[in-house]
Amino acid sequence: MQTILITGGTGMIGKRLTELLIEKGYEVIIVSRESSVVSKRKSVSYANWNIADQTINKEAIAKTDHIIHLAGAGVADKRWSEKRKQEIVNSRTQSSALIVKALKEIPNHVQSVVSASAIGWYGADTNVSRQNGFNENTPADKEFLGDTCRLWEESIQPVEALGKRLVKLRTGIVLSNKGGALAEFRKPLKAFVAAILGNGQQVVSWIHIDDLCRMYIEAIENKNLHGAYNAVAPNPVTNKMLTLSLAKKMHDKFYLPIHIPSFMLKIILGEMSIEVLKSATVSSHKIQTAGFSFLYPAVENALEELIG
């Protein structure tokens, strides 16, 4: 069976993706800064890389059939200082540059590269996007996340000139019971408070983690896929709808909806509040037209699976 090399494989998405790849019989190599990591599973191995030094294990590249590039500093992990914003950009562009360098310099038989991107590419909703959703031909937004995504995608683009098929998945808000956005939504609900952000009418374009990981596998296996695709479920919801749907799943009718004012979010989150309060309706039409079928197209059945 083929070998998949994953960058960022120790994160929430990488861990679940590794599980699904193993179930399908793939061998997985996870690149890590820790060269001493030993896998407990025979189908998974670890190889070291150093982004700052632009070095990576040559044997790992030589035996790889496909690369899934997830590496990047968490956008929501820390407040956005200028230093942190540079870290967010550099972690993506420099890791991409290392992949390009490795594929140029190390003899390999890599067939495809599937790279993460994000729906931060798109700006705030317009009248047109509210009706039809942003599609992959929409230019990158000029704000920080839009610019970050543009630089991110540009940094991995040279692999195409090396003869590798390139797929970029612009990922929405990932719903998982292992962390991420859903964990943040659940925190106030532990105190039976449904915290609606701002007026709650901003559209959230989301995706169940299993659908996202299945899309990565589809991008490997379907040789007709190339270029950018929006990795979002077909039915985006408002922040209020998502919050109340989650509250109902967790507590039935026993919760208190509370709006967190926009000004308070701006004080707490700083510049990041722009993204939290931004409405972005993103279309999944292109990936569906390419033949991908969602297991969780609606937020209700996604939450049912995750929360039970």
Mean-square fluctuation check for the chain, GNM, Cα pairs under 10 Å: which of K104, K248, K40 is largest?
K40
Here the membrane-span-like helices of the chain, with no claim about any membrane, defined by DSSP H, Cα axial extent at least 15 Å and mean Kyte-Doolittle at least 0.0, are 12-23, 209-221
In the structure shown, do any of K15/K78; K83/K178; K24/K278; K240/K286 have a Cα-Cα gap over 32 Å, and if so which?
K24/K278
Given 0.36 nm per residue, what is the gain on full extension from E271 to E305 after removing their alpha carbon distance, in nm?
8.9 nm
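Given charges of +1 on the Cβ of Lys and Arg and -1 on the Cβ of Asp and Glu, with all other atoms neutral, how large is the dipole of the range 160-202 about its Cα centre, in debye to the nearest 20?
So the magnitude is around 180 debye.
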Please report the antiparallel percentage of DSSP beta bridges with both residues in the chain, rounded to the nearest 5.
15 percent
When the dipole is taken about the Cα centre of the range 175-259, and only Lys, Arg (+1) and Asp, Glu (-1) are charged at their Cβ, what size is it in debye, to the nearest 20?
360 debye
The Cα extents of the range 1-149 along the principal axes, largest first and rounded to whole Å, are 51, 34, 29
Work through the residues other than V276 whose Cβ is under 11 Å from its Cβ and net out their charges, Lys, Arg +1 and Asp, Glu -1.
-1
Mean 1/r over all different Cα pairs, inverted: what Kirkwood radius does the range 211-308 give, in Å?
16.0 Å
Go through V44, T64, L5 and say which Cα lies farthest out towards the positive end of the charge dipole of the range 1-80; charges sit on Cβ, +1 for Lys and Arg, -1 for Asp and Glu.
V44
About the Cα centre, charge dipole magnitude for the range 32-87 (Lys/Arg +1, Asp/Glu -1 at Cβ), debye:
220 debye
The farthest towards the positive end of the charge dipole of the range 163-303, of the residues H226, W206, F263, given +1 on Cβ of Lys and Arg and -1 on Cβ of Asp and Glu, is H226
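Any read-out appearing in this document is the output of simple, stated calculations on the displayed coordinates, not a laboratory observation. This structure is a prediction, so every number in the text was calculated from the model and none was measured. All Cβ positions, even for glycine, are placed from backbone atoms using ideal geometry, and neighbour counts span all protein chains on display.
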